[in-house]
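**Q** Before we start, here is the structure in question, set down as structure tokens.
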2 protein chains.
Amino acid sequence: MSQETYTIGQVATRFNLSVSTLRYYDQEGLIPNLTKDQAGIRRFNNENLEALQVVECLKTSGMSIKDIKQFMQWSSEGDETLAQRLTLFQKLREHLESQLDLLERNLRVVDYKCAYYGQAVEDGTEARVKQTGQSIREIANH
Amino acid sequence: MSQETYTIGQVATRFNLSVSTLRYYDQEGLIPNLTKDQAGIRRFNNENLEALQVVECLKTSGMSIKDIKQFMQWSSEGDETLAQRLTLFQKLREHLESQLDLLERNLRVVDYKCAYYGQAVEDGTEARVKQTGQSIREIANH
DNA sequence: ATAATGTCTCAAGCTAACTTGAGGTCAAGC
DNA sequence: GCTTGACCTCAAGTTAGCTTGAGACATTAT
């Protein structure tokens, strides 16, 4: 377990976030137990970095800052909130599954569009490929 | 080819969008060739509905209104813009693939969290399951 | 007839998630 | 010793994507 700490600038680089975004997250309570040194400078430790990993996962899964904050609060409230946290992740799993489903359908449509416009560009015109075109719904529904 | 038309309310219901959202889309140029009757009421025909299908696909793939509008404009400019439209869909395909990748990684993390909190709830405490816990990065990277 | 329902425009309002700017501290390098 | 760069706070500004509200017609149900 390393005792090392990192500055906000280092963390920003590592997570590919801006410094002001990190300060905003701190302010919004997404990084529990983040402390400042005697000069008032934020010192990120490993626990903070792990929290940030979770934040990134939740954020890119579509969760709002407010809901992520709620989760972080529950986490710091101990065993009393275990059920809420379980429920949150179960809902998130369902959400992710339907997201994946949607994106896969979209990918099929986009693949078709690539083929369509690929042919059209080859032909120099949309006219021919337009004739044989399928509707989007046909493609999306496999 | 049906000649039928639909009111904004009917379309809103069918697409699960609000009436004001549809008006906003129209205003932003996402629905080419949408016409109004003598009373000034929007009449959606099949072409408009198909455009709306595309809008939904692009939107849920993460494209901005502005970029969707650009695509719709290109579409109505004819064969001169075929190359741009092809490029757009090729980029979108890449975007979708990395989106899918990310969400799949997130799903693995969330699955782990479900198992973690499932056990914790059973135990009545996080203490035990915390011992054996893996780091997020381990899970996300398979 | 009258009231409810659905449509319209146009302008203003709203929320989320940041970003920017002013004004200030501190440590390191020249 | 002074400037540069990284950090700080706090308040205000920004952008996207809608939503809401006021005021007005027109068609349908009672």
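**Q** Normalised radius of gyration for the stretch B:82-142, please: alpha carbon Rg relative to 2.2 N^0.38 Å, two decimal places.
**A** 1.77
**Q** Among the listed pairs A:K66/B:K91; A:K69/B:K113; B:K36/B:K66, which are separated by more than 25 Å between their Cα atoms?
**A** Listed pairs above 25 Å: A:K66/B:K91.
**Q** So if we plug the beta-carbon distance of B:E28 and A:S75 into 1/(1 + (r/R0)^6) with R0 = 35 Å, what FRET efficiency do we get, rounded to 0.05?
**A** Plugging the Cβ-Cβ distance into 1/(1 + (r/R0)^6) gives 0.30.
**Q** Multiplying the sequence separation of A:N46 and A:T60 by 0.36 nm and subtracting their Cα-Cα distance, what value in nm do you get?
**A** So the chain would gain 2.9 nm between A:N46 and A:T60.
**Q** Here is a further query. Could you give P(r) for the stretch A:1-133, binned at 10 Å from zero, as whole percent values over all Cα-Cα pairs?
**A** 10, 29, 21, 15, 12, 9, 3, 0
**Q** Another one. In whole Hz, what ³J(HN,Hα) sequence does the stretch A:95-106 give by Karplus (6.51, -1.76, 1.60; θ = phi - 60°), x for Gly and Pro?
**A** Computed from phi, the couplings for the stretch A:95-106 are 4, 4, 5, 6, 4, 4, 4, 4, 5, 5, 5, 4 Hz.
**Q** Calculated FRET efficiency, B:A115 and A:R14, Cβ-Cβ r, R0 25 Å, to nearest 0.05?
**A** It comes out at approximately 0.35.
**Q** Could you order A:K59, B:K36 by accessible surface area, starting with the largest, using a probe radius of 1.4 Å?
**A** My answer, sorted largest first, is B:K36, A:K59.
**Q** Next question, about the same structure. Using the Kirkwood radius over Cα pairs, work out the Stokes-Einstein diffusion coefficient for the stretch B:1-60 at 25 °C and 0.890 mPa s, in µm²/s as a whole number.
**A** Result for D is 212 µm²/s.
**Q** Oh, and also: Hand me the GluC sites (Glu not before Pro) from the stretch A:49-100 located in a DSSP loop with no more than 13 other Cβ atoms within 10 Å, in residue order please.
**A** Sparse-neighbourhood loop GluC sites (Glu not before Pro): A:E77.
**Q** May I pose another question? Between A:T35 and A:Q90, what is the label-point separation in nm under the 7 Å Cα-to-beta-carbon projection?
**A** Placing both labels 7 Å along Cα→Cβ, they lie 3.7 nm apart.
**Q** Jot down the radius of gyration and Dmax of the protein assembly as shown, Cα atoms only, both in angstrom.
**A** For the protein assembly as shown, the Cα radius of gyration and maximum Cα-Cα distance read 24.1, 74 Å.
**Q** Relative contact order for chain A using alpha-carbon pairs under 8 Å, separation at least 6, rounded to a whole percent?
**A** The normalised contact order for chain A reaches 17 percent.
**Q** With +1 on the Cβ of every Lys and Arg and -1 on the Cβ of every Asp and Glu, and nothing else charged, how large is the dipole of chain A about its Cα centre, in debye rounded to the nearest 20?
**A** Computed about the Cα centre, the dipole is about 340 debye.
The values are calculated or read from the model by the stated rules, or taken from the named source; none is laboratory data. Just so it is clear, the model here is predicted, and its values are computed rather than measured. Neighbour counts are summed over all protein chains in view; Cβ atoms, including those assigned to glycine, are modelled from backbone coordinates with ideal geometry. Accessible surface is based on the protein model in full, side chains and every heavy atom, while ligands, DNA and RNA are left aside. Shrake-Rupley method; radii C 1.70, N 1.55, O 1.52, S 1.80 Å.
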